[in-house]
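The values are calculated or read from the model by the stated rules, or taken from the named source; none is laboratory data. None of the values given here were measured: they were computed from a predicted structure. Cβ sites come from the backbone with ideal geometry, for glycine too, and all protein chains shown count toward neighbours. Protein only, heavy atoms only, side chains kept; ligands, DNA and RNA dropped before computing areas. Shrake-Rupley method; radii C 1.70, N 1.55, O 1.52, S 1.80 Å.
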Amino acid sequence: MGHSGHPSPLMTDLLRHSGGVAIIDGGLATELERHGADLNDPLWSAKCLLTSPHLIHTVHTDYLEAGADIIITASYQATIQGFEAKGYTTESSGKVLKQRPIIVAASVGSYGAYLADGSEYSGIYGEAVNLETLKEFHRRRVKILAESGADLIAFETIPNKVEAQAYVELLEEENIEVPAWFAFNSKDGINVVSGDSLIECATIADRSKRVVAVGINCTPPRFIHELISSIRKVTTKPILIYPNSGECYDAEIKEWVHNTGVSDDDFVSYVNKWCDAGACLVGGCCRTTPNTIRAIYKTLANRSTDAPM
């Protein structure tokens, strides 16, 4: 099959406008909780779409003001009608928002996320769940999100090869015109969490002309450099990276274990290394905040002479 076609105009334009590296937003759930939301619910942050959409708007605005170019919707753990957000504008006087394209990425969590038992962090779904099961499970939501007005569909925290294959086939079968990105997660810096080879997973993503970027999310920062190197072996598509803070999550008590992560300063110290290794879309996942994103924005502005003032 080999490498697929030309780079996506969406990505090319975005990266041109952002001086070569675009910024993805950070963690959503932690910020919603900081603003007073109660997320102890199988729908997780998606619950706020129903109960307190203004909080979601507030958090998205905080990220835009911090310098994010790409906002990921709260649909990770939801089957929803998406949210119409093309041409997002805000009343904010924040200088950062001036004259830059904002990309809205509609999040699709894995089958494991729907189970709400942490199995997106193991990728072990059992014998009964095969390629066809996964395609049928995701089909309606992917079609809805493709029609929601989002610029991109973000398939996130993909834990195994079969789910990646299901997404590729689904995008083809439903002739989805909205471009997609694939983000895998890893616990060891070599394989995806199920133990499947990251190189094999990235190859599946590379073969699809509908996938415009490939990378890693929700993975501790210390593993990222090696994972970028693996992905680069099999694709020329843009590489996206939005790790978690490195903190450990205790699935038993459904809480993050404090002081197990890296500080914003340490997180940002990795960013230039990731960009040098080949990443061109960088942000944060669980437990990262608008402060993390602002720090990434500043470090990238120092790299580039074209950065906005």
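In the stretch 203-212, is there at least one residue being of a type in the set (A, V, I, L, M), open to solvent by less than 40 Å² (accessible area, probe 1.4 Å) and more than 20 Å from ILE72 (Cα to Cα)? For the stretch 203-212, residues of a type in the set (A, V, I, L, M), open to solvent by less than 40 Å² (accessible area, probe 1.4 Å) and more than 20 Å from ILE72 (Cα to Cα): present.
Restricted to helices (runs of 4 or more DSSP H) entirely inside the stretch 107-178, those with at least 1 residues that are in contact (Cβ under 8 Å) with a residue 12 or more places away in the chain, surrounded by 16 or more Cβ atoms within 10 Å (Cβ to Cβ) and of a type in the set (Ser, Thr, Tyr) are 111-115, 161-173. In the set (1) within 21 Å of ARG303 (Cβ to Cβ); (2) open to solvent by 20 Å² or more (accessible area, probe 1.4 Å), the condition left unmet by LYS233 is number (1). Say we look at the stretch 256-266 and pick out the residues that are surrounded by 11 or more Cβ atoms within 10 Å (Cβ to Cβ) and modelled with pLDDT of 75 or more; which of these is farthest from THR299 (Cα to Cα)? For the stretch 256-266, the residue satisfying everything is VAL257. Among strands (runs of 3 or more DSSP E) entirely within the stretch 183-298, having at least 1 residues that are in contact (Cβ under 8 Å) with a residue 12 or more places away in the chain and under 23 Å from SER122 (Cβ atoms) singles out 211-217, 239-242, 248-250, 255-257. Under the condition of being modelled with pLDDT of 95 or more and surrounded by fewer than 20 Cβ atoms within 10 Å (Cβ to Cβ), the residues counted in the stretch 236-251 number 1.
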